[in-house]
Amino acid sequence: MTLTYQPFELLLKHTFTIAKFSRTSTPVMLLQVEHEGQVGYGEASMVPYMGESFETASGFLSKVDARQLKYPFDFEAILAYLDSIAPGNPAIKAGIDIALHDLDGKLRQKPCWQLLGSDPSKMPLTSFTIGIDAPEVMIQKVKENPDCHIIKVKLGRDSDKELIKTIRSVTNLPLFVDANQGWTDLEQSLDLTYWLYEQGVLLIEQPMLKTDPESNAWLTERSPIPIIGDESVQRLADVEKAKGVYHGINIKLMKSAGMYEAHQMIKKARELDLKVMIGCMSETSCATLAAAALAPQCDWADLDGPFLTSNNPYEMPEFRDGKWVLGDEAGLGIFDL
């Protein structure tokens with residue numbers, strides 16, 4: 001088993017602004033694992049506010065002993081080994097996990113979605129994200145929608161209503177909104193949820209600080225719209241803590257350390273009667289296909305990474321009628337350009 005990797009700067013089509021951060025690119029580590037003539041592809045998308053970088057990823061990878069990644073893969077044991085190297089670092093752990101899942105599918109000559117027990121016919125619609133920007137730029141972004149049937153709008157500032165009105169001036173598509181912990185006043189937030197409900201909003205992600213479960217729970221109890229925990233739900237241990245605080249959780253592979261633990265999180269959420277959204281960071285086709293392999297087991301999907309970037313190093317996966325299409329290729333079904 002050999003593990004190789006290279007840094008890659010993933011460029012965004014537009015400056016991406018959320019409640020507290022802006023960026024024009026995302027550092028990504030592209031990984032490959034090779035065994036018995038087959039190559040598995042992985043990706044670590046390291047958005048800066050999560051604390052990972054090329055330096056932290058390289059430092060972590062230098063400590064990985066590829067002999068511990070032995071085939072046939074015991075993904076639970078492999079993740080325990082990666083966690084033993086250093087805490088945190090979920091994105092680079094996800095990159096290794098994704099590459100191993102892709103390799104596993106190729107060695108077993110089966111698509112990853114099949115090995116994970118997904119049903120492609122249950123693929124949810126994915127949303128197309130509009131970051132905070134000037135009204136004319138937001139309108140231009142909406143016009144670039146690649147036939148997604150849901151628009152996701154970033155909120156969390158004093159201009160939230162104006163942002164939604166701008167979007168509504170050019171589209172009547174259903175909306176997801178994500179406040180990225182930007183709301184602070186409980187009564188104002190509750191009033192806003194009712195107004196957003198009237199505007200056709202289907203769900204609200206992480207309205208208040210992840211460190212304030214009481215306020216999030218208060219809003220969840222009263223909101224007419226499902227409230228979804230995002231920043232507050234990182235790894236498997238966080239799922240149980242979400243019960244009673246949110247209606248559901250948003251799972252991202254770059255938070256969960258990969259596909260194996262994301263799958264465990266989905267199952268745990270179902271046990272707790274929590275809704276499940278699967279989301280993404282700024283990602284290439286590689287991580288998008290990894291998440292798409294699990295998406296049919298979720299209620300909602302926000303897997304728009306390749307649509308928001310300009311230098312995707314892989315082929316664009318098939319996208320039809322607002323959904324990613326899972327093929328029969330072994331592994332993830334990813335191909336170089």
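One table, with the values for the structure above:
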quantity: Centroid-to-centroid separation of the stretch 157-227 and the stretch 100-126 [C-alpha atoms, Å]; calculated: 34
quantity: Gyration tensor verdict on the stretch 112-242 (Cα atoms; rounded if a/c is under 1.5, prolate if a/b is larger than b/c, oblate otherwise); calculated: oblate
quantity: Exposure rank, largest accessible area first [F307, F8, F335, F176; 1.4 Å]; calculated: F335, F8, F307, F176
quantity: Loop-located trypsin sites (Lys or Arg not before Pro) in the stretch 12-81 whose Cβ has at most 15 other Cβ within 10 Å (DSSP); calculated: K20, K63, K70
quantity: Backbone N under 20 Å from the S58 label point (7 Å along Cα→Cβ), restricted to the stretch 25-47; calculated: 25-33, 42-47
quantity: Heavy-atom accessible surface of the stretch 112-156: percent carbon and sulfur, 1.4 Å; calculated: 52
quantity: Inter-centroid distance (Cα atoms) of the stretch 8-81 relative to the stretch 282-330, Å; calculated: 17
quantity: Cα→Cβ-extended label distance, 7 Å offset, between T211 and K13, nm; calculated: 3.6
quantity: Prolate/oblate/rounded call for the stretch 38-143, Cα gyration tensor, a/c under 1.5 rounded; calculated: oblate
quantity: Partners for K267 among lysines (Cα-Cα distance below 24 Å; same-chain residues under 8 apart left out); calculated: K93, K110, K122, K210, K241, K243, K252, K255, K275, K323
quantity: Length gained when the stretch K165-D328 is fully extended (0.36 nm per residue, less Cα-Cα span); calculated: 54.5 nm
quantity: Global form of the chain, assessed from the alpha-carbon gyration tensor, a/c cut-off 1.5; calculated: prolate
quantity: Per residue accessible area of the stretch 199-337, 1.4 Å probe, in Å²; calculated: 34
quantity: Å² per residue, accessible surface of the stretch 1-97 at 1.4 Å; calculated: 46
quantity: Taking the chain and dividing mean pair separation by its residue count, relative contact order in percent (alpha carbons under 8 Å, at least six apart); calculated: 21
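The values are calculated or read from the model by the stated rules, or taken from the named source; none is laboratory data. Quick caveat, the model's predicted, so the values are computed rather than measured. When we count neighbours, we look across all protein chains shown, and the Cβ atoms used for this are built from the backbone with ideal geometry, even at glycine. What goes into the accessible areas is simple: the full protein's heavy atoms, side chains included, and nothing from ligands, DNA or RNA. Shrake-Rupley method; radii C 1.70, N 1.55, O 1.52, S 1.80 Å.
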